[in-house]
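The values are calculated or read from the model by the stated rules, or taken from the named source; none is laboratory data. Quick caveat: nothing in here was measured; it's all calculated off a predicted structure. Neighbour counts are summed over all protein chains in view; Cβ atoms, including those assigned to glycine, are modelled from backbone coordinates with ideal geometry. The accessibility values were calculated without ligands, DNA or RNA, using every heavy atom of the protein model including side chains. Shrake-Rupley method; radii C 1.70, N 1.55, O 1.52, S 1.80 Å.
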Amino acid sequence: MYDFSALYEATSVQNAVELMQAHPSAVLIAGGSDVLIKMREGKLAGAELISIYKLDELREVTMDPDGTLRIGPMTSFSHATKSQLVQQHIPVLGESADTAGGPQLRNIGTLGGNICNGVTSADTASTQVAYDAMLEITGPAGMRKISIHDFYKGVGKVDLQPGELLTAILIPKESYKNCYGYYLKYAMRNAMDIATIGCSVNVVLSADKKTIERMRISYGVAGPVPMRARSAEAAVNGQPVSEATIELIGNAVLNDVNPRTSWRASAEFRKQIISETARRGLRAAVERAGGVF
Amino acid sequence: MEKKLVKCNINGKDVETYVDVRASLTDMLRNDYRLTSVKKGCEVGECGACNVIIDGECYNSCIYLAVWAEGKRIQTLESLLGPNGELSDIQQAFVDEAAVQCGFCTPGFIMTAVEVLETGKEYTRDELRKRLSGHLCRCTGYENILNAVEKTMKKRLGKA
Ligand SMILES: Cc1cc2nc3c(=O)[nH]c(=O)nc-3n(C[C@H](O)[C@H](O)[C@H](O)COP(=O)(O)OP(=O)(O)OC[C@H]3O[C@@H](n4cnc5c(N)ncnc54)[C@H](O)[C@@H]3O)c2cc1C
Ligand code: FES
Ligand code: FES
């Protein structure tokens, strides 16, 4: 038996907004794999819950006419991995989802919950950040669209105002076109473990596949929220596909990150993993794009 | 506390009951339907002892609200029993391979194995390891469990 004081089940997005306005202190629950755990730990004792679990219209992955990939925030990790559209256009998102928890967890945990929780270790978050996802947020005043980069406000804090919920994750065509990505999760166990470091890299190569035209790299657990390594990106853009570029990125990322020491790992160890995942991730992404070292 | 009518299909039978909205699916399956193969282990989604199949996919029922079961098809270990109490092939394989010691993790493992086997695909040992990785077993050391699943997979595919 869970320790909540009321459960309101939303019947539509509009109804969810109304419920949130009527019960301003209630907690929104999607797949519940963060909220219910907190509740078991006593952290949300006596809270009211608003469930959007039954809103199947938020579970679809579709393509907009302009080529924008539209991912329903209730899409589970496993359905993201299985989605044809994801496999075709942004397979690294499905691959990163496939590293979260274990098989049963991947059927319940959602891509929306993975960013709305504001957690730095969230396995799909770094890929969503690395692809400049746009977020569609619906609330009492209607719908607004913001960049995922403006969404994160701090540890566990995101830009969701009272009465608002995330209703779509959008990957613009310019973001995934000709782009090849790779995700590395470093953890102590191969399953059922939280990332010590998560690293998502993607590249667009020149037509002759000899130059890195655009590289984006994002980390989980390298700072308080999932973050891009912007100076490393600037350093690598325009560089040739070469061993020297691999060495370059390993050093450059260290200027961008700010990992901390926790019981899981020391800051020094995390820095070593950050360099190594940058090197390996860039190499793998370039190879997927058809580049040869 | 508020109660809600939940109608679903459990192990092939349409059923309904009023449940406390605070109940987990584990609570409902054990207390209302006496399906005690569904174990309470960690109750935070880590161990897989409470695993059941919902609409063809495995879920840890301890972190699934009972009211979410409305309209769903749920399968627990009890569904595997034959009409005269016979064990299914995968259950028999767990016995034959000594993949059961205290047995607490077994129903959860077997339901994941059922999902894996019903895909009708052949998996490597490493792929099976990954597919079974959402379960903890404190007794067997896992090898015999992997053997049981692998052997049943091969038998069903006519390769053993
Ligand atoms: C055993 C276990 C292992 C785990 N392992 C991993 C792991 O390896 N990697 C990983 O990244 N995570 C892991 N998690 C954490 C969790 O599964 C993920 O963060 C998941 O993405 C959360 O999604 P959810 O829908 O289940 O979350 P919920 O608990 O429903 O929601 C999480 C938060 O987001 C908010 N929210 C959810 N959806 C919306 C929305 N559409 N609009 C507005 N707010 C919303 C909720 O209010 C809540 O604050 C694990 C959890 C468990 C229990
Ligand atoms: S009891 Fe549900 S996962 Fe452990
Ligand atoms: S047999 Fe005892 S926990 Fe697995």
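Structure summary
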item: Residue count for the stretch A:90-113, restricted to those that are more than 16 Å from ligand 2 (Cβ to nearest atom), under 17 Å from A:MET192 (Cα atoms) and open to solvent by 20 Å² or more (accessible area, probe 1.4 Å); result: 3
item: Members of the stretch A:146-174 that are under 23 Å from A:MET74 (Cβ atoms), under 16 Å from the mean Cα position of the chain (by Cα) and in a loop (DSSP other than H, G, I, E, B); result: A:GLY156, A:ASP159, A:PRO172
item: Qualifying strands (runs of 3 or more DSSP E) (wholly inside the stretch A:1-82; at least 2 residues being at pLDDT below 95 and within 14 Å of chain B (Cβ to nearest Cβ)); result: none
item: Complete set of residues in the stretch B:131-152 that are away from chain A (no Cβ under 11 Å), without any contact (Cβ under 8 Å) to a residue 24 or more places away in the chain and either farther than 25 Å from A:ILE108 by Cα or within 16 Å of ligand 1 (Cβ to nearest atom) (or both); result: B:GLY141, B:GLU143
item: Of residues in the stretch B:1-32 being at the interface with chain A (Cβ under 9 Å from one of its Cβ atoms) and in contact with a Lys or Arg (Cβ under 8 Å, 6 or more places away or on another chain), the one surrounded by the most Cβ atoms within 10 Å (Cβ to Cβ); result: B:VAL21
item: Residue among A:GLY238, A:GLY220 that alone is in contact (Cβ under 8 Å) with a residue 40 or more places away in the chain and in the same structural domain as A:GLU276 (by TED's automatic domain parsing); result: A:GLY220
item: Residue within the stretch B:66-79 that is open to solvent by less than 10 Å² (accessible area, probe 1.4 Å) and within 13 Å of ligand 1 (Cβ to nearest atom) present; result: yes
item: Filter pass, B:LYS40 being within 13 Å of the chain's Cα centre (by Cα) and either without any contact (Cβ under 8 Å) to a residue 40 or more places away in the chain or within 16 Å of ligand 3 (Cβ to nearest atom) (or both); result: yes
item: The stretch A:121-147, residues that are in contact with a strand residue (DSSP E or B) (Cβ under 8 Å, 6 or more places away or on another chain) and buried (at least 23 other Cβ atoms within 10 Å of the Cβ); result: A:ALA122, A:ASP123, A:ALA125, A:SER126, A:THR127, A:GLN128, A:VAL129, A:ALA130, A:TYR131, A:ALA133, A:LEU135
item: Any hit, the stretch B:92-109, residues being more than 16 Å from ligand 1 (Cβ to nearest atom), within 14 Å of chain A (Cβ to nearest Cβ) and open to solvent by less than 20 Å² (accessible area, probe 1.4 Å); result: yes
item: Residue identified as within 16 Å of ligand 3 (Cβ to nearest atom), of a type in the set (A, V, I, L, M, F, W, C) and away from chain A (no Cβ under 14 Å) among B:LEU35, B:LEU77, B:LEU87, B:LEU81; result: B:LEU77
item: Qualifying positions in the stretch B:29-47 - within 15 Å of ligand 1 (Cβ to nearest atom) and of a type in the set (Asp, Glu); result: B:GLU43, B:GLU46
item: Extreme residue, nearest to A:GLY31 (Cα to Cα), among residues of the stretch B:50-59 that are open to solvent by 10 Å² or more (accessible area, probe 1.4 Å) and within 15 Å of ligand 1 (Cβ to nearest atom); result: B:TYR59
item: Any hit, the stretch B:119-130, residues being open to solvent by less than 80 Å² (accessible area, probe 1.4 Å), more than 17 Å from the chain's Cα centre (by Cα), within 13 Å of another protein chain (Cβ to nearest Cβ) and not small (Gly, Ala, Ser); result: yes
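Per-residue answers, yes or no, for (1) among the hydrophobic types (A, V, I, L, M, F, W, C); (2) touching a strand residue (DSSP E or B) at 6+ places or on another chain (Cβ under 6 Å); (3) open to solvent by 10 Å² or more (accessible area, probe 1.4 Å):
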residue	(1), (2), (3)
A:GLY31	no, yes, no
A:ILE37	yes, no, yes
A:LYS43	no, no, yes
A:ALA47	yes, yes, yes
A:VAL61	yes, yes, yes
A:ARG70	no, yes, yes
A:MET74	yes, yes, no
